[in-house]
1. For residue 164, put the label point 7 Å out on the Cα→Cβ axis and report which residues of segment 214-236 keep their amide N under 19 Å from it.
2. For segment 147-273, what is the percent of antiparallel DSSP beta bridges, rounded to the nearest 5?
3. For 102, 58, give me the order by solvent-accessible area with a 1.4 Å probe, most accessible first, ignoring ligands, DNA and RNA.
4. Mind pulling the angle between the C-alpha long axis of helix 147-159 and the longest principal axis of the chain? Nearest 10 degrees, somewhere in 0 to 90.
5. Residues in segment 136-169 near a label at residue 212, defined as backbone nitrogen under 16 Å from the 7 Å Cα→Cβ point?
6. Taking the alpha-carbon distance from residue 90 and a cut-off under 18 Å, which aspartates and glutamates remain once sequence neighbours fewer than 8 residues away in the same chain are dropped?
7. Would you mind giving the average projected area, over all directions, of the Cα convex hull of the chain in nm² with one decimal?
8. Report the Cα centroid-to-centroid distance between segment 94-130 and segment 234-309 in angstrom, as an integer.
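The values are calculated or read from the model by the stated rules, or taken from the named source; none is laboratory data. Quick caveat: nothing in here was measured; it's all calculated off a predicted structure. Here the Cβ positions follow ideal geometry from the backbone for every residue, glycine too, while neighbour counts run over all protein chains shown. Surface areas here come from the heavy atoms of the whole protein model, side chains and all, with no ligands, DNA or RNA. Shrake-Rupley method; radii C 1.70, N 1.55, O 1.52, S 1.80 Å.
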Amino acid sequence: MKTLLKLAAAAAAWGVAGAAHSQGNAPIKVGLMLPYTGTYAALGNAIENGFKLYVQEHGGKLAGREIQYFKVDDESEPSKGTDNVNKLIKRDNVDVLVGTVHSGVALAMARAAKENNTLLIIPNAGADAITGPMCASNIVRSSFSNWQPGYAMGVVAGQKGVKRAMTITWNYAAGAETVKGFTEGLEKGGGKVIKELTLPFPNVEFQALLTEIAAQKPDAVYAFFAGGGAVKFVKDYAAAGLNKTIPLYGPGFLTDGTLEAQGPAAQGLLTTLHYADNLDTPRNNGFRKSYALTYKANADVYAVQGYDAAQILAAGLNAVKGDLTKRDAMTAATKRDAMTAAMRKVVVDSPRGKFTISPAGNPVQDMYLREAKGNNNEFKAVAVKGLADPARGCKM
Ligand code: PHB
């Protein structure tokens, strides 16, 4: 009985939300919630650029409908996450949310998306819980789970004979989860993490922690930082002379979109990620050319994830011929509808290579080992093929 009441309440709530959906030929309203300020600002911009590039390549339309953008700067500030996402859901009545970069903010977005049954496409934030215990049919990621690149780097480090590793990262979901993935991969190869170092997000006072690394002399260091913080960390690591004695590994975020600013300090760094700049495929070459022409900047993994978020949305919209009111006719009992089903079934023809989407809503994708050379993260090898997040706790 309780379940029935709950379902009825949910159906009523969705009905109200559905009534607000763009009708007829009105534009589809896309709410971009991204960081446009702070340490992740460049990541937010690249995601927006990538998303808009795909739309632009399709004449400014998806499934025959114009796209109208609404933007909120989330500042990578989890405490403002709920208020910010509600501006898009309740004030702007967007049809679909696209965001964000920071896992803590994305958790607030996912909660709101679940409550309102708003479509949410996550173009970066890897929070494991979103495609784990919180998984939902209306939420899908075009990026990765924090576990994925961490696990791949752990496997590679194990293969390289690393026995004693240290980790260093910001103290929030993304840092903790990528370290967990790394530890799991490394332990499979017989190594272990002897010490986990953290500092609060988005602090960049690394000196005391670098001194501790020098004292412990591990076989390798695994670091997760991104954006402005990654630029400073890689430079500080080299300035302390540690790059000469202790290999620095990381998920590719450590060197993606940052190589120009990191300069010589980053050269030769090995990282794992679901993208490499020089993947020599017509799809990647075409994408990079078009991105560079449009934005006078080099594409990076964030641009790819934004581009692919638009591809996933297009797959969903095509399934309902651009008519979102069809999605509202979904049955409350199964929470399934043609649109969200299509967003799970799609094989995404990404610049990173083709990938599929798991039942939990996360990309199943190859993880590449890359090496920083010049301004490129160059492909070296496939570290783990077709890696699926374990989706622990997802019941769907
Ligand atoms: C995250 O918070 O999930 C996150 C942020 C930046 C990255 C990767 C993951 O580059």
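1. 214-223
2. Values: 0 of 17 bridges.
So the antiparallel bridges amount to about 0 percent of the total.
3. Numbers: 102 5, 58 90 Å².
The ranking, largest first, comes out as 58, 102.
4. 30
5. Answer for segment 136-169: 165-169.
6. 73, 74, 115, 328
7. Working: hull surface 72.7 nm².
Result: 18.2 nm².
8. 25
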